[in-house]
Amino acid sequence: MPAITFIHPDGKSDRVETSGGESAMQAATHHGLDGILSECGGNAMCATCHVYVDDSWLARLPDMADDEDALL
Ligand code: FES
C-alpha cells in the first residue's frame, strides 16, 4: 500500500498509508492532518494543498499540468 510522509513547517512529520487512488490532499484530509485546508476540494483553485517535492522524487511524477502551473 502506498504511503506519504507529510513534513510540517515545524519539522514534525506524519506518515499515512493511502489507497493509491487518492491525491496527496485527499490522503491528508482523510487522516485529519493539520495544515491541509482543501478550501476548493481539490479543484486546483486555491493552492492550499501546495506541496514541495524532494528533488530525488521529481522524475517519478508527471509534468506539472497547465492549470497547476498557472495557479502557482
Ligand atoms: S484543495 Fe488543492 S488547490 Fe484547492
**Message:** I need the phi-derived Karplus couplings for region 41-50: 6.51 cos²θ - 1.76 cosθ + 1.60, θ = phi - 60°, integer Hz, Gly and Pro marked x.
**Reply:** x, x, 9, 6, 10, 10, 6, 6, 10, 4
**Request:** List, in order, the whole-Hz ³J(HN,Hα) value for each residue of region 31-39 obtained from phi through the Karplus relation with A = 6.51, B = -1.76, C = 1.60 and θ = phi - 60°; use x for Gly and Pro.
**Result:** 9, x, 6, 6, x, 9, 7, 6, 5
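Counting every Cα pair in the chain, what percent are over 16 Å apart?
That fraction is 54 percent.
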**Prompt:** Which Cys in the chain stand alone, with every other cysteine's Cβ at 4.7 Å or more from theirs?
**Reply:** Cys49
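Throughout, read-outs are computed from the coordinates displayed, never taken from laboratory work. Fair warning: this is a prediction, and the values are worked out from it, not measured in the lab. Reconstructed Cβ throughout: ideal geometry from the backbone, glycine too, with neighbour counts over all protein chains shown.
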